[in-house]
1. Considering only protein heavy atoms, what per residue accessible area in square angstrom results for the chain with a 1.4 angstrom probe?
2. Once amide H atoms are placed 1.01 Å from N in the peptide plane, what residues at a sequence separation of 5 or more from residue 50, or on another chain, have their amide H within under 5 Å of its amide H?
3. Short version: ³J(HN,Hα) in whole Hz for each residue of region 113-124, in order, from phi by Karplus 6.51 cos²θ - 1.76 cosθ + 1.60 (θ = phi - 60°), x for Gly and Pro, what are they?
4. On a straight-distance basis, which lysines could pair with residue 64 in a cross-link, Cα separation under 17 angstrom, same-chain partners fewer than 8 positions away excluded?
5. Just the number, please: carbon plus sulfur as a percent of the accessible area of the chain, 1.4 Å probe, no ligands or DNA/RNA counted.
Amino acid sequence: QARLAESGGGLVQAGGSLRLSCAASGRSFGGYDMGWFRQAPGKEREFVAYRKWSGLTTYADSVKGRFTVSRDNAENTMYLQMNSLKPEDAAVYLCAADSKRRGRPLDPRAYDYWGQGTQVTVSS
């Protein structure tokens, strides 16, 4: 069964960095488009970053220049490098995969597979 599993979250001071991982298992996700979302308590799920199977990337304006999404297809893993973290970045971060390459990176409904999430806390 295909699964996604996030790791790498934790507590960091404002200005610090974290690197999140999204490990895929059960099948190769190399041909899928993949994204990162986040959800804070009481808020809707929010798009963070996207990496198309071809390598094209898209970022939310709020993280552009601070976050970088990458993939290692050999390891079937996607990463999110987060630098210059701010308290408003605190949330549960989830990775997702779109097996049909729908081309709607900001729409959570375009993704078929989701991980359980990893908590990121940023202290001020």
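The values are calculated or read from the model by the stated rules, or taken from the named source; none is laboratory data. Everything numeric here is computed off the predicted structure, so don't read it as measured data. Heads up: the accessible areas ignore ligands, DNA and RNA and are worked out on the full protein's heavy atoms, side chains in. Shrake-Rupley method; radii C 1.70, N 1.55, O 1.52, S 1.80 Å.
1. Working: 6380 Å² over 124 residues.
Per residue, the chain has an accessible area of 51 Å².
2. Under 5 Å from the amide H of residue 50 lie the amide H atoms of 36, 58, each far enough along the sequence or on another chain.
3. 10, 9, x, 7, x, 9, 7, 10, 10, 10, 8, 8
4. Those lysines meeting the cut-off are 52, 86.
5. Details: 2890 of 6380 Å².
Ligands and nucleic acids excluded, carbon and sulfur give 45 percent.
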